[in-house]
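Here's the structure, in structure tokens; my notes come after.
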Amino acid sequence: MNKAELIESIQGKLGTTKADAVAALEAVTESIISGVKKDETVQIIGFGTFKISKRAARDGRNPQTGEKIRIAASKSVKFSPSTTVKKSL
């Protein structure tokens, strides 16, 4: 399912206009992003948890030349589904 299909699904379930469905989806995604930035964890009971995953800086190798390179520390968002979601799959 892509974003357009998700918007259509929201529109069908809520019985609203497409613009309202887009606004609802954007409000949810923006809230999750700001929550993860601020608190590092957003938990939606019955759905799952979004949290920041941190990677330390490390040494690596360029696969083409074999030369050593330094890989910088980075952050990413990790999603862990709830047991309800896991069971429904």
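Quick note: the coordinates plus some simple rules give every number you see, no bench work behind them. All values derive from a computational prediction rather than experimental measurement. Neighbour counts are summed over all protein chains in view; Cβ atoms, including those assigned to glycine, are modelled from backbone coordinates with ideal geometry.
Given the chain, report the % of alpha carbon pairs whose separation exceeds 14 Å. Intermediate results must be reported in sequence, preceding the final value.
Details: 2951 of 3916 pairs.
So the pairs more than 14 Å apart make up 75 percent of the total in the chain.
Compute the relative contact order of the chain as a whole-number percentage, counting only Cα pairs closer than 8 Å that sit 6 or more residues apart in sequence.
Working: 96 pairs, mean separation 18.4, N = 89.
It rounds to 21 percent for the chain.
Starting from the Cα of Asn2, step 7 Å along the direction of its Cβ; do the same at Thr29; then give the gap between the two resulting points in nm.
For Asn2 paired with Thr29, the spin-label model returns 1.3 nm.
Where does the chain land at 222 nm, in deg cm²/dmol rounded to the nearest 500, when only DSSP H runs of n ≥ 4 count, each adding -39500 (n - 2.57), divided by all residues? Walk me through the numbers before you get to the answer.
Numbers: 3 runs with 40 residues, N = 89.
It comes out at -14500 deg cm²/dmol, rounded to the nearest 500.
With r as the distance between the Cβ atoms of Thr17 and Ala73 and R0 = 41 Å, compute the FRET efficiency 1/(1 + (r/R0)^6) and round to 0.05.
On the way: r = 44 Å, r/R0 = 1.07.
For Ala73 and Thr17, the calculated efficiency is 0.40.
May I ask for the angle, rounded to the nearest 10°, between helix 18-39 and the longest principal axis of the chain, with both axes built from Cα atoms and the value confined to 0 to 90°?
On a 0 to 90 degree scale, this one is about 40.
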